[in-house]
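The values are calculated or read from the model by the stated rules, or taken from the named source; none is laboratory data. Computed from a predicted structure; not experimentally measured. Virtual Cβ from ideal backbone geometry, glycine too; neighbours counted across all protein chains shown. Areas reflect the complete protein model, heavy atoms only, side chains present, ligands, DNA and RNA absent. Shrake-Rupley method; radii C 1.70, N 1.55, O 1.52, S 1.80 Å.
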Amino acid sequence: MAVLTEEQTMLRDMAREWADNESPVTAFRKVRDGAPAGFYDAAAWQAQAEMGWAGILIPEAQGGAGMGYLSLGLVLEQLGRNLAATPLAGTAAAASALILGGSEAQQAAWLPRIAAGEVVAALAVDEGPRFAPDRIATRAEGGRLSGTKEFVAEGDSAQLFVVAAADGLYLVSGDEGVTRSPRKLTDSRSHAQVRFDSAPADRLESGDDLLTQVTDRAAAALCAEMLGMAESAFAQTNDYLKTRVQFGQVLASFQALQHRMARMFTELELMRSVVEGALEAVDSGRANVSQEVSLAKAVAGETLHLVSREMVQLFGGIGMTDEHDAGLYLKRARVLEAMWGNAAWHRERFARLNGY
């Protein structure tokens with residue numbers, strides 16, 4: 001486990017308390033059933049911003065806390081435990097592009113507003129059903145950008161898009177030249193097809209690898225949410241097996257089920273190690289960030305897949321119903337497994353980066 005500072009410990013504990021008291025899974029169900037604009041609770045998002053979470057990554061000079069990615073991960077992990085519907089991860093991914101490649105003017109224009117929770121931002125990269133950052137057809141010419149992005153998280157409500165084009169990343173704000181078409185995925189969260197038709201665009205000052213740096217950070221943050229989901233699913237399943245009586249015995253007394261739980265426990269310990277390792281690698285600016293992120297995303301995807309599947313199976317018939325939360329974890333898991341590259345994509349990249 002990562003060694004946390006006193007400030008990070010307090011942040012984690014505050015996030016856990018808030019998530020349990022103010023954003024339990026019942027709050028997600030309310031968002032799902034009510035389908036509010038943006039597919040999140042605006043009041044809850046504002047509360048998160050007031051606690052400083054929207055500005056965790058943003059430098060103090062721009063109104064944020066400048067606490068880094070491990071700190072962001074601690075919050076996302078706690079929110080993930082309860083499936084909290086929040087634009088925090090998507091906005092942080094877009095903000096990272098501004099922090100890494102934005103000019104002083106661009107940063108001054110957007111980062112303070114993001115830190116205050118006034119702006120929801122989205123990172124728009126994918127143009128097909130799978131993550132393929134090397135296949136970008138979107139083009140920009142004369143300060144105008146055209147192209148179509150698929151399955152953009154927070155695309156329904158974002159006031160700012162960071163858009164991947166063939167020659168770099170661009171900022172696109174407002175609705176001029178922007179058309180949004182909601183995409184209903186199984187996790188009941190915000191996803192949209194966003195079409196840019198000669199939309200005014202402002203290019204980020206960047207090197208050739210800015211897109212890789214940004215998507216690596218987006219994936220690392222996503223892994224933290226996946227970690228929280230996996231741990232919560234495991235804990236709920238474990239508690240159920242210790243109380244459910246079948247054939248005159250508590251289910252936890254059956255050795256076959258003990259073996260399945262033991263496997264999940266060990267996989268979760270490995271998952272935490274690699275996820276926190278990736279976040280720390282980003283914070284320390286290590287040269288092997290891409291390798292660390294690919295390792296984390298591959299392990300996180302496979303572990304969450306295992307735990308969410310076992311949760312449904314071990315809860316039995318009730319786990320197959322909408323009234324139970326097991327299916328909600330499984331559905332969100334399947335979406336996150338694919339976002340920013342699935343396990344197979346990251347394993348292949350990890351091997352390539354290591355010379356295989």
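Looking at the stretch 252-287, which of the residues that are over 16 Å from Glu302 (Cα atoms) and touching a Phe, Trp or Tyr at 6+ places or on another chain (Cβ under 6 Å) is surrounded by the most Cβ atoms within 10 Å (Cβ to Cβ)? Among those residues, the one meeting the criterion is Leu279. Entry remark, the stretch 198-216: residues being under 10 Å from Ala140 (Cα atoms) and free of Cβ contacts under 8 Å to residues at least 60 places away in the same chain number 3 in total. Restricted to the stretch 298-336, and to residues there that are touching a residue at least 40 places away in the same chain (Cβ under 8 Å) and of a type in the set (D, E, K, R), the residue that is surrounded by the most Cβ atoms within 10 Å (Cβ to Cβ) is Arg332.
Of the candidates Leu76, Leu72, the single residue that is under 27 Å from Asp325 (Cβ atoms), modelled with pLDDT of 95 or more, open to solvent by less than 70 Å² (accessible area, probe 1.4 Å) and out of contact with any Gly (no Cβ under 8 Å at 6 or more places or on another chain) is Leu72.
Evaluate the stretch 295-306: report whether one residue or more is in contact with a Phe, Trp or Tyr (Cβ under 8 Å, 6 or more places away or on another chain), small (Gly, Ala, Ser) and farther than 20 Å from Leu70 by Cα.
No, because not a single residue in the stretch 295-306 is in contact with a Phe, Trp or Tyr (Cβ under 8 Å, 6 or more places away or on another chain), small (Gly, Ala, Ser) and farther than 20 Å from Leu70 by Cα.
Only a single item in (1) acidic (Asp, Glu); (2) open to solvent by less than 30 Å² (accessible area, probe 1.4 Å); (3) out of contact with any Ser or Thr (no Cβ under 8 Å at 6 or more places or on another chain) is not met by Asp134, and it is number (2). Please indicate, with yes or no, whether at least one residue in the stretch 89-110 is within 20 Å of the chain's Cα centre (by Cα), open to solvent by 30 Å² or more (accessible area, probe 1.4 Å) and of a type outside the set (A, V, I, L, M). No; the residues of the stretch 89-110 include none that is within 20 Å of the chain's Cα centre (by Cα), open to solvent by 30 Å² or more (accessible area, probe 1.4 Å) and of a type outside the set (A, V, I, L, M).
Which ones in the stretch 8-23 are under 18 Å from Asp41 (Cβ atoms) and either assigned to a helix (DSSP H, G or I) or open to solvent by 30 Å² or more (accessible area, probe 1.4 Å) (or both)? First the steps, then the outcome.
At the first step, the residues of the stretch 8-23 found to be under 18 Å from Asp41 (Cβ atoms) are 15, 17-23.
Across the stretch 8-23, the qualifying residues are Ala15, Glu17, Trp18, Ala19, Asp20, Asn21, Glu22.
Would you confirm whether any residue within the stretch 195-205 is of a type in the set (A, V, I, L, M) and open to solvent by 10 Å² or more (accessible area, probe 1.4 Å)? Yes, the stretch 195-205 has at least one match.
For the stretch 1-21, state whether one or more residues are under 22 Å from Gly155 (Cβ atoms), without any contact (Cβ under 8 Å) to a residue 60 or more places away in the chain and among the hydrophobic types (A, V, I, L, M, F, W, C). Even if it seems obvious, please write down each step before you answer.
Going residue by residue through the stretch 1-21, those that are under 22 Å from Gly155 (Cβ atoms) are none.
Within the stretch 1-21 (the criterion being under 22 Å from Gly155 (Cβ atoms), without any contact (Cβ under 8 Å) to a residue 60 or more places away in the chain and among the hydrophobic types (A, V, I, L, M, F, W, C)), the answer is no, since none of the residues qualifies.
Here is a yes/no grid of residues against (1) at pLDDT below 95; (2) over 16 Å from the mean Cα position of the chain (by Cα):
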| site | (1), (2) |
| --- | --- |
| Gln159 | no, yes |
| Val163 | no, yes |
| Val178 | no, yes |
| Asp202 | no, yes |
| Glu205 | yes, yes |
| Asp208 | yes, yes |
| Gln213 | no, no |
| Leu227 | no, no |
| Ala233 | no, yes |
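Against the definition (under 16 Å from the mean Cα position of the chain (by Cα) and at pLDDT 95 or above), how does Arg263 come out, yes or no? Taking the combined requirement at face value, the residue does not satisfy it.
Being part of a helix (DSSP H, G or I), acidic (Asp, Glu) and either under 18 Å from the mean Cα position of the chain (by Cα) or within 22 Å of Tyr329 (Cα to Cα) (or both) is the filter here, so list the residues in the stretch 24-66 that pass it.
Asp33
Scanning the stretch 319-329 for residues that are closer than 18 Å to Leu185 by Cβ, in contact with a Ser or Thr (Cβ under 6 Å, 6 or more places away or on another chain) and modelled with pLDDT of 95 or more turns up at least one hit. Ala85 meets the conditions (1) open to solvent by 20 Å² or more (accessible area, probe 1.4 Å); (2) in a loop (DSSP other than H, G, I, E, B); (3) of a type outside the set (Phe, Trp, Tyr) in every case but one. The failed one is (1).
Is it the case that Ala61 is open to solvent by 40 Å² or more (accessible area, probe 1.4 Å) and over 16 Å from Leu279 (Cβ atoms)?
Details: open to solvent by 40 Å² or more (accessible area, probe 1.4 Å): yes; over 16 Å from Leu279 (Cβ atoms): yes.
Spelling it out, Ala61 is indeed open to solvent by 40 Å² or more (accessible area, probe 1.4 Å) and over 16 Å from Leu279 (Cβ atoms).
Residue by residue, here is whether (1) more than 22 Å from Val119 (Cβ to Cβ); (2) touching a Lys or Arg at 6+ places or on another chain (Cβ under 9 Å); (3) open to solvent by less than 10 Å² (accessible area, probe 1.4 Å); (4) among the basic types (Lys, Arg) holds:
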residue: Ser146; (1), (2), (3), (4): yes, yes, no, no
residue: Ala153; (1), (2), (3), (4): no, yes, no, no
residue: Phe161; (1), (2), (3), (4): no, yes, yes, no
residue: Gly168; (1), (2), (3), (4): no, yes, no, no
residue: Glu176; (1), (2), (3), (4): no, no, no, no
